[in-house]
1. With the Cα gyration tensor of the range 10-169 giving a ≥ b ≥ c as the square roots of its eigenvalues, does the rule (a/c under 1.5 for rounded; else a/b larger than b/c for prolate; else oblate) give rounded, prolate or oblate?
2. So for the pair Glu145, Asp122, with labels modelled 7 Å out along Cα→Cβ, what separation do we get in nm?
3. Using alpha-carbon positions, what is the distance between the centroids of the range 13-58 and the range 89-168, in Å?
4. Where nothing but the Cβ of Lys and Arg (+1) and of Asp and Glu (-1) is charged, how large is the charge dipole of the range 1-115 around its Cα centre, in debye to the nearest 20?
5. Could you give the size of the charge dipole of the range 245-397 about its Cα centre, using +1 on the Cβ of each K and R and -1 on the Cβ of each D and E, expressed in debye and rounded to the nearest 20?
6. Given R₀ = 41 Å, FRET efficiency for Lys273-Glu138 by Cβ-Cβ distance, to 0.05?
7. Charges on Cβ only, +1 for Lys and Arg, -1 for Asp and Glu, centred on the Cα centroid of the range 30-78; of Val60, Ala35, Met70, which one is farthest towards the dipole's positive end?
8. Separation between the Ser346 and Ala166 pseudo-spin-labels, each 7 Å from Cα along Cα→Cβ, expressed in nm?
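Quick note: the coordinates plus some simple rules give every number you see, no bench work behind them. Nothing here was measured: the structure is a model prediction, and the numbers come from that model. For neighbour counting, all protein chains shown are included, and Cβ atoms are generated from backbone atoms with ideal geometry for every residue, glycine included.
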Amino acid sequence: MAETSIPENELERILSLADFDLDYTNHQDSFKDLARLAAKVAGTDISLVNLIDTFTQWTVSNHGLDLDQMPREDSVCQYTIMEQDHFEVEDLSTDARFKDKFYVVDSPKLKYYYGIPLKNDDGYNLGALCVLDTETKEISPEKIELLKIIASEIVNRLKTFKAIDALKLKLDDATEKQKKVAHDIRGPLGGIIGLAQIISEQGKDNQIDEVLEFINLIYKSGRSILDLADEILNSDKPQAVKSDEFNLLLFKDKLEKLYLPQAKNKNIIFKIKVSPASGSTPFSKNKLLQITGNLISNAMKFTPNGGEVIVDLNLKIKKGEANLLRIKVTDTGIGIDKQTIRTILSGSAESTDGTGGEKGYGFGLTLVKHLIESLKGTLNIYSEPEQGATFEVNIPQA
């Protein structure tokens, strides 16, 4: 069985990570410059920006090693998030915890590791910035301080992306108000610009340089605000799916990209079905990747090699009331007894190991239940021992 390392504040930590509502496939370019800079500072061939959720280490950006994800129990960074300052392994090939891992035994045959926790403002380690090499290294204290600065900048960018997403949502909600403001400011600004232009032309005749310069500034400032008003007025052109939305087809593609590698790794058949009638209707993607991803990873954990995990996505259109998004994750795994189902739904489930020896963390389903309730949704579980399990999530959509 793989050895695992779990922080004492694990539930709070994964809740903090879920609060960022990240799509782990979308940030490769967002941190690429920082990953490259970290490797250059440390003098290593490889650097990774890793975020660690309940089951998986997601490499959101990499330099020198083409890696997207790996099981949490196989990672070195699972130990880094246990630390306050750093975690270092001088030779992975002689450390009992790592010497048999695929990245040590096979290409690129890594030896050296140095990781710094990615700590948020509440003190929770969301993941790690790590530098790695095929040769042993020694990093000076000055370079370590620079790596810590880079790690802080990674967290700052995560916070910035979250703020931008929140702002986009507010802007979408305030479209009509924006249009009214834009109309209100456009008329007076047009008059100011026209007046400034007339004065500017008269000033040229009189060669009043100071007045000309001042009026030119007014003209340029007014012009830029007028352009902004036009941009706001034109921003409500028809758009099938906004940045904070999915439809069933997009949702299906995203889940396949994220979780097909895990299914192939365990030799599990993984299928996603969508209801064709509502496949292109948009709905909020808020927390959906975190909810569904945890259910899929949990299903794969308890499904043996050669088994199946099927995801069924359905959006029920209701006239005059909220649409209903239904997500069903069904597996052919070891099943759950009624007492365990009651324990899960009460939010007090304990961890158990998976069919392939994967170490349980005991927090995935607790996180899912918390997120579903925050969206005013419901969770149902249908299962019998040795008969597989179905997790059904219903979330109302405005």
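1. Prolate.
2. Each label point is offset 7 Å from its Cα along the Cβ direction, giving 3.2 nm.
3. Here the answer is 8 Å between Cα centres.
4. On the way: 10 positive and 23 negative charges, 89 e Å.
Using Cβ point charges on Lys, Arg, Asp and Glu, the range 1-115 gives about 420 debye.
5. On the way: 20 positive and 15 negative charges, 107 e Å.
About 520 debye.
6. 0.15
7. Towards the positive end, the residue furthest out is Ala35.
8. Output for this residue pair reads 3.6 nm.
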